[in-house]
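Read through the structure below, which is laid out as structure tokens, and then see the notes.
The values are calculated or read from the model by the stated rules, or taken from the named source; none is laboratory data. These figures come from a predicted structure and were not determined experimentally. Using ideal geometry, Cβ is built from the backbone for each residue, glycine included, and neighbour counts are taken over all protein chains shown. Side chains included, ligands, DNA and RNA excluded: accessible areas come from the protein's heavy atoms. Shrake-Rupley method; radii C 1.70, N 1.55, O 1.52, S 1.80 Å.
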Amino acid sequence: MNKENRNKIFLMGGINRNTGPANVNRNLITADRSIWYQKSRKRMVRFLETAIKFLLSDTIVFSAYVRVFAVRLAKLLKKKTVYLMHGYIKYENEINQLNVSEEILKEEDAVLRSVDLILCVSETHMKWFKQFYPQLSNIHFLHNGIDCMSPDLASISERLPNTIAVAGADRLIKNNDEVCKAVEKLQQTGKKKLTLYVFGKMNHNESNLFEKYSCCIYRGLLSNEDFLEELKKIQLFVVNSTIESFGLVVGEALSCGCSLLISENVGFCDLLDLTEADVIHDVHDVNEISEKMMYLLKNPNNRRLAASVNWEHYSKKNVALRLHQICDKLLAGEDYSKIR
């Protein structure tokens, strides 16, 4: 497809908030200036802008939650539709006990069945998600773009001794309670005095449920800049999620020089050359978690794992390029499955 006839892509999704989907959207439009998006924040201007770009685009990429009405309207106007899927709301609602309305769950199902292409944000998440919609063949993946790692950050050596961190606070899907129990177990065996820092907003309790653990320090929800400064002091970052579509925080932890213990169900695993010692197989097995944490505190894996990532391939620029290539193939009715 030549430059003059290039696919006009309209990305519909927020870019202003500090959320995972908004950060991904912002990365895409920054990396590829040809991607249209909703610029205005004024309600009436935004409505008019959206209507014009909706009509003039060839492909509409819906990022995060979307109403099925918009998808059906796009298809009525002969637009190709892509759903950039950051998570499966129905599953996460059940496991996190969030009480999402039935209307939203029905909308999600209708969108998944209506779009031309579902793009999961990792191959791991795509394989996991396919079990819920085995009848659909229009499912592919596009990893989120990440910042190239700065060598100076990886070499930081002045860290607080025997420190571990988790993010996501009390979200049940993160299984941070099991990490707390694992650290407490190590404390009780007398092997080492450890400190576990917990980051993120509490979702289920007004009080701090981590207070019952003597090893824990709850740091709450910080700005991204402050969070990264905290990570530069931490030795080991643990991601014990039941399922994680991608996990941008994993790349941030690596870039800040942390060693990493990660659940095999996290999408970022696609990018890493992991060994048995780096991976949590059973997110509820306190013994497995505690043993591997102790091993990684003694045997840091940051440099090895950071060196295993093809940072250029997964850069924001190249991920945005692959999104355009996938949309071009979709518009032309060609096979997009080999773009990865």
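Observations on the structure shown:
- The gain in end-to-end length when the residue 48 to residue 90 segment is fully stretched comes to 11.9 nm, 0.36 nm per residue minus the alpha carbon separation.
- Prolate/oblate/rounded label for segment 1-139 (Cα gyration tensor, a/c 1.5): prolate
- Cross-link table 42/90; 130/338; 42/75; 53/329; 201/317, entries beyond 29 Å C-alpha to C-alpha: 42/90; 201/317
- Accessible surface, per residue, of the chain when the full set of protein chains is kept, probe 1.4 Å, Å²: 49
- Angle in degrees between helix 43-56 and the longest Cα principal axis of the chain, rounded to the nearest 10: 60
- Taking 0.36 nm per residue of separation and subtracting the Cα-Cα distance, full extension of the segment from residue 33 to residue 6 would add 8.4 nm.
- Proximal charge balance of residue 160 [Cβ under 12 Å; K/R count +1, D/E count -1]: +2
- Per-atom-type breakdown for segment 73-167 gives carbon and sulfur 50% of the accessible area (1.4 Å probe, protein chains only).
- Across the chain, the mean sequence separation of Cα contacts (distance under 8 Å, 6 or more residues apart), normalised by length, yields a relative contact order of 17 percent.
- Charge dipole (Cα centre; +1 on Lys/Arg Cβ, -1 on Asp/Glu Cβ; no other charges) of the chain amounts to roughly 1260 debye.
- A Förster radius of 22 Å combined with the Cβ-Cβ distance from residue 276 to residue 162 puts the calculated FRET efficiency at roughly 0.45.
- Among 255, 137, 34, the largest mean-square fluctuation in a Gaussian network model of the chain (Cα springs under 10 Å) belongs to 137.
- Within a straight-line Cα-Cα reach of under 17 Å, residue 233 can be paired with the following lysines, leaving aside sequence neighbours fewer than 8 residues apart in one chain: 193, 298.
- Within-12-Å neighbourhood charge of residue 123 [Cβ basis; K, R +1; D, E -1]: +2
- Over the chain: helical MRE at 222 nm, DSSP H runs n ≥ 4 each giving -39500 (n - 2.57), nearest 500: -11500 deg cm²/dmol
- Potential lengthening of the chain between residue 208 and residue 298 amounts to 29.4 nm, from the contour at 0.36 nm per residue minus the alpha-carbon distance.
- The magnitude of the dipole of segment 162-257, with charges of +1 and -1 set on the Cβ of Lys/Arg and Asp/Glu and taken from the Cα centre, is near 440 debye.
- For residue 335 and residue 97, a Förster radius of 25 Å and the Cβ-Cβ distance give a FRET efficiency of 0.05, rounded to the nearest 0.05.
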